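Scroll down for the structure; my scribbles are underneath it.
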């Protein structure tokens, strides 16, 4: 550690006492732990209780040129939490207060360390809910950082759509509010959307005001099967084109269904499968389900069953809920690596099919699940990282998929973010626009202390 | 005109010939003409045909430090088109090609000079439509610049929600693409949303990719009346809280109805009125209208009639369609000045009621129309600008309304933008965040040539 960083940690210790830890185990737990990217721990971890502590910590780090990396739940997938230059990790998880729920305006204001499940637990008696549901029980601060979405995004949007306003501790320690609680505004630059997806490189989000939604009068869930992934994707495209306001539409490929059958002791046809959910009034849900049944029949969809009973719905969706663990269980000692391509829906079938061909050609295991209503899908590549051939094959598959998505006028990352793992594709994806992102970064964080070495190389 | 600007115009003339005009009438027509703000013409107007011409013009202006102001339709309301430091006005209206409509993905890519009506005219046989409808038949480029919305925003969102990607000529003349056509992305900073609402201060939008929507199977329109504005707003708030997916919900106050009766020879009750529209399936629209009827009854709503027949729908909405001209006709020789406050919906009734009190206390005429489902409303203040007392009163009303909206955690501008007219409120509205907007502006446009002296003082 540099002399300057040792001074910074001294000063942080004076200010924060035993809220600061330099314990190696703590530091490792607060860096990247989710995929095969190396763990690069910070020099110290600070557990903060309020925005003033965040601000003070940033000011000290700014004084010594020490990097600052915010930590929420630790569930990011692209190395966003790593500290390649060392620095201070600020653990936001104790800033977990629900500040205010405004039922009349359908908004909630929460501290950044509140998890999505904690918010929904808090809302359970209000008739309202917060729809954004990435795989993990992430913190809302982390979900802002990566512009997270999930299975509900096809109906309710992503973090960019549901966040009204942010409170952010900026690189100079100043705390700003990015917007009011008005539902729309034309008052100047959209700093809210600039911070969303910036992965902690422009400031640390301390408080978040989100839109809430009414729990639907009726929820219907269903499952159906297709001869192959291509026909399933065609059915999805047609469903979206019909303007059917589907709340969830998730693809599992044959390999994923096989994994789920084994893991959750199910007995599903091991073929391309769609899991769907309809939100609306009692009659609206029946209408939607009926129309959906008609659409899928045109694309070889079979055995469509659906139900509005909660217990039966949970049973129908059981395969999806355990998809991650089921995939990992296919090869327990392998590393799991999730891809995140997102393409215009007209290209989805081709993109998924070509990717599966790539996987099969290299005799790898990579089940596919997809938020296919948005053109987004994940391959869970299971890789023995001690086997050089496998690692080379995996890298080839990743690389080819990222370029394929970009060539289709899509993106290499629909919801996980760039972090360290996808930096090499940003030039291809953004071209000249990347330089303007960098100039914004430099203007707001001239000393490059906020989560450096992320998003671009 | 400065020596440098004369040189710049020489060079522009060499490059563009008679596409460049220095005619005073042309210059005045291309500056602000909509409200009582003074007209401040540019030094020359250039009519461009493609992005390369935009890029070349910007490069020449950059070389000579000459301001660049983009012109679409001329319908902005806050002086966005004025050239207080002189400069070049780039008229985008000839860049009016529909580049591509992708029915499968529900997207359209258009040049910036395409108007919203031209796009919908083009789409008329596709079963798709573009929902954003500011009062004027604005160009999509202009609508991006001001983050426009309109009557459909309560259901379909604003420009920030429906734009997928932009092509922008930046201050160095470089042309960038802000995003792919993927429906969602977590790949770096959201330059799309940064440009939307930046009012030409960061670059000139040359091409826009937007989401399209399916024309609903059924449209129902209706009208109902309330004892006062407060009860109408309470009914709106409850409608939104119920999660009723209303497509339009517009408030007209008693004065506005009176104006519409006179102008359009109608015979409506001259009291607070809501005009509504429901989009959905045949049964869905009946459900929505029935529920809406039940809600308004709780707030003294009466005489609710609605219909799905197109001719009858048009008749019901006639009052709204001519509201602008009807207001102006109340006092034909007065200047019309539109306010644009937007507040959390829980504060809407109070904000509108207090504003009407302000107007009445000063014996001014100011009918109110509102996109009240979003908490946004406009007062059309009719002011004799030769009467100093009236002007002072009008300024007082504007000032008090802007501060009131900001105090209610809302904004002084929901959809018109800041331009020159609302700059004095930005400090109050944004606090410390304003400095970061300015630093972004400086980073991207260091010589301040892009629409200078707008958004902030």
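How tilted is helix B:282-297 with respect to the longest principal axis of chain B? Cα atoms for both, answer in degrees (0 to 90, nearest 10). Taking Cα atoms only, the helix is inclined about 70 degrees.
Remark on chain B: Rg and Dmax equal 22.3, 69 Å (Cα only).
Three principal axis extents describe the C-alpha atoms of segment A:25-146; from largest down they are 46, 34, 21 Å.
How big is D, in µm² s⁻¹, for segment A:3-91 by Stokes-Einstein at 4 °C and 1.567 mPa s if Rh is the Kirkwood radius over C-alpha pairs? After rounding, the answer is 101 µm²/s. Only Cα sites of segment A:98-214 enter the Debye sum here, all with the same form factor; the resulting log10 I(q)/I(0) across q = 0.13, 0.20, 0.24 1/Å is -0.44, -1.09, -1.55, listed in q order. Between copies, the label points at residue A:310 (set 7 angstrom from Cα along Cα-to-Cβ) are spaced 4.6 nm, reported in nanometres from shortest to longest. Counting only other chain Cβ atoms within 10 Å of each residue's Cβ, the peptide B:400-408 averages 1. May I ask for the angle, rounded to the nearest 10°, between helix B:3-16 and the longest principal axis of chain B, with both axes built from Cα atoms and the value confined to 0 to 90°? That helix lies at roughly 80 degrees to the long axis. Neighbour counts of other Cβ atoms within 10 Å put A:317, B:306 in the fewest-to-most order A:317, B:306.
Taking Cα pairs under 8 Å and at least six residues apart, what relative contact order does segment B:98-214 come out at, in percent? Normalised by residue count, the contact order of segment B:98-214 is 33 percent.
How do B:38, B:340 line up, fewest other C-beta atoms within 10 Å first?
B:38, B:340
Other protein chain C-beta atoms within 10 Å of residue C-beta, averaged over A:168-176: 3. Shape class of segment B:205-330 from the Cα gyration tensor (axes a ≥ b ≥ c, square roots of the eigenvalues): oblate, since a/c reaches 1.5 or more and a/b does not exceed b/c.
The calculated pair-distance distribution of segment A:363-403 uses every alpha carbon pair, bins of 5 angstrom beginning at 0, and gives 6, 22, 27, 23, 13, 6, 3, 0 percent. Here the sum of -39500 (n - 2.57) over DSSP H runs of 4 or more residues, divided by the residues of chain A, equals -10500 deg cm²/dmol at 222 nm, to the nearest 500. Its relative contact order, with pairs defined as Cα atoms under 8 Å and 6+ residues apart, puts chain A at 15 percent. Taking other Cβ atoms within 10 Å as a rough exposure proxy, B:252, A:457 sort from fewest to most as A:457, B:252. Per residue of peptide B:336-346, the mean number of Cβ atoms on other chains within 10 Å of the residue Cβ is 4.
When residue A:28 is represented by a point 7 angstrom out along its Cα-to-C-beta vector, the spacings to that point in the other copies are 7.8 nm, nearest first.
The Kirkwood hydrodynamic radius of the protein assembly as shown, based on inverse pair distances between different Cα atoms, is 28.6 Å. Looking at segment B:316-373, I'd like the Rg to Rh ratio, where Rg is from alpha-carbon atoms and Rh is Kirkwood's inverse mean 1/r. Using Cα coordinates only, the ratio equals 0.98.
By its C-alpha gyration tensor, with a ≥ b ≥ c as the square roots of the eigenvalues, how is segment B:143-196 shaped: rounded for a/c under 1.5, else prolate for a/b larger than b/c, else oblate? Because a/c hits 1.5 or more and a/b fails to exceed b/c, segment B:143-196 counts as oblate. Against chain A, whose longest principal axis comes from its Cα atoms, helix A:229-241 is set at around 80 degrees. Is segment A:216-417 rounded, prolate or oblate when judged by the Cα gyration tensor, a ≥ b ≥ c being the square roots of its eigenvalues, rounded requiring a/c under 1.5 and prolate requiring a/b larger than b/c? Prolate, because a/c is 1.5 or more and a/b exceeds b/c.
Here residue A:389 yields copy-to-copy label distances, from shortest upward, of 9.5 nm, the label point defined as 7 Å from Cα along Cα to C-beta.
Each of the peptides B:255-261, B:181-187 was scored by the mean count of other Cβ atoms within 10 Å over its residues; in descending order, highest first, they stand as B:181-187, B:255-261.
FYI, it's all coordinate maths here, none of it is from the lab. Quick caveat, the model's predicted, so the values are computed rather than measured. With ideal geometry, Cβ positions are generated from the backbone for all residues, glycine too; neighbour counts draw on all protein chains shown.
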